[in-house]
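In what follows, a structure is listed as structure tokens, so that the remarks can point back to it.
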Amino acid sequence: MLSSTCKALPRNRSTAFTSKISNSRRVAAMSTKLDRATPNEEWKRVLTPEEFRILRGKGTDPAGSGKYNKFYNEGTYKCAGCGTPLYKSDTKFDSGCGWPAFYDGIPGSVSRHEDVSYGMRRVEIT
């Protein structure tokens, strides 16, 4: 599994685009400038338990479950928690893995790290 996070909020790649955060909670998160240093207690007030598990706890959602896996409209993909722009739609491709895949992030928005957990060699996007 590849996971994706913005500088402000760790989270899974597909969840970054399929979050069900209500508009009022999303506005609250963005207006209060929540970021990586924000205590988890504050994030728990903004995110649902499932969003918190994925976005803050490096969890994942099931492959193929996200509505943006096969979504190819033009635009910018943003962090579901803080709104940071992460990817442009013209860098999206179908990797066949069940999660949205991008060959490049918006400069400065994502970093790549080797992840060898669970007996696999992967690239985690943070």
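Taking the Cβ of each residue in W99, W43 as the centre, tally the other Cβ atoms inside 10 Å and list the residues starting with the fewest. Walk me through the intermediate numbers first.
Working: W99 25, W43 18.
By the 10 Å Cβ count, ascending: W43, W99.
Within a 10 angstrom radius of the beta carbon, how do V110, V116 rank from fewest other beta carbons to most?
Working: V110 21, V116 9.
The order, fewest Cβ neighbours first, is V116, V110.
FYI, it's all coordinate maths here, none of it is from the lab. All of these numbers come straight from a predicted model, not from anything done at the bench. As a convention, Cβ positions derive from the backbone with ideal geometry for all residues, glycine included, and neighbour counts pool all protein chains shown.
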